[in-house]
Amino acid sequence: MKIIDNFLPDHYFKQIENLLMSDSFSWYWNDGILEPSEPDLYQFVHILYNVDLGGIHSNHYPLFDIVQKKLGVKRLDRIKINLNPKTVFHRKSGFHSDQRSISEGFGQHQKTAVFYINTNNGWTEFKKGGKVKNITNRMVIFDSNLEHTGVTCTDEKRRVVINFNYDI
């Protein structure tokens with residue numbers, strides 16, 4: 001696992017932050033975080049790219065070219081932005097891995113990167129131990145087979161992260 005603070009130069013990060021934290025950005029209801037039937041667990045999402053949906057899925061996709069270059073993306077699987085509203089108590093979305101099958105055309109060097117847009121008291125937790133706090137402009141990169149979960153915040157209106165799934 002690798003944690004990089006101040007991942008993007010300030011002027012690039014501010015463009016992304018201003019877009020995602022604005023009241024005019026398009027968010028889409030996701031009834032459940034891992035499974036649609038999860039009671040009381042929901043989030044808002046914006047899919048930028050999904051290979052299963054035909055590739056580019058948002059007009060905002062080009063803004064994230066610099067992130068992909070810095071990550072060394074060879075084959076992109078998905079870029080998804082998540083907004084988790086503030087909760088009264090910290091809530092875990094459920095442990096999962098982002099690993100894709102080699103038979104689906106994905107390589108052995110699959111990575112997941114979580115990019116934190118706003119500082120709050122939420123975090124990413126790993127099943128084998130360890131937590132990464134939500135800090136503005138922080139990136140955590142790890143092998144896609146590591147089980148992890150997002151944890152909501154209780155101190156800000158929302159927790160906003162961008163998930164990148166890719167091969168290197």
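The values are calculated or read from the model by the stated rules, or taken from the named source; none is laboratory data. Everything quoted here is computed from the prediction, not taken from an experiment. Quick reminder, even Gly has a Cβ in these numbers, built from the backbone with ideal geometry, and neighbours come from all protein chains shown.
Observations, loosely collected:
- In this structure, Val67 does satisfy being modelled with pLDDT of 95 or more and part of a helix (DSSP H, G or I).
- Residue check for Tyr49: out of contact with any helix residue (DSSP H, G or I) (no Cβ under 9 Å at 6 or more places or on another chain) and among the aromatic types (Phe, Trp, Tyr): no
- Some residue of segment 11-34 being at pLDDT below 95, surrounded by 15 or more Cβ atoms within 10 Å (Cβ to Cβ) and in a loop (DSSP other than H, G, I, E, B): yes
- Restricting segment 90-119 to residues that are modelled with pLDDT of 95 or more and not in a strand (DSSP E or B), the residue that is surrounded by the most Cβ atoms within 10 Å (Cβ to Cβ) is Ile117.
- When residues in segment 137-168 are screened for being surrounded by fewer than 15 Cβ atoms within 10 Å (Cβ to Cβ) and either within 15 Å of Asp98 (Cα to Cα) or of a type in the set (S, T, N, Q) (or both), 4 of them pass.
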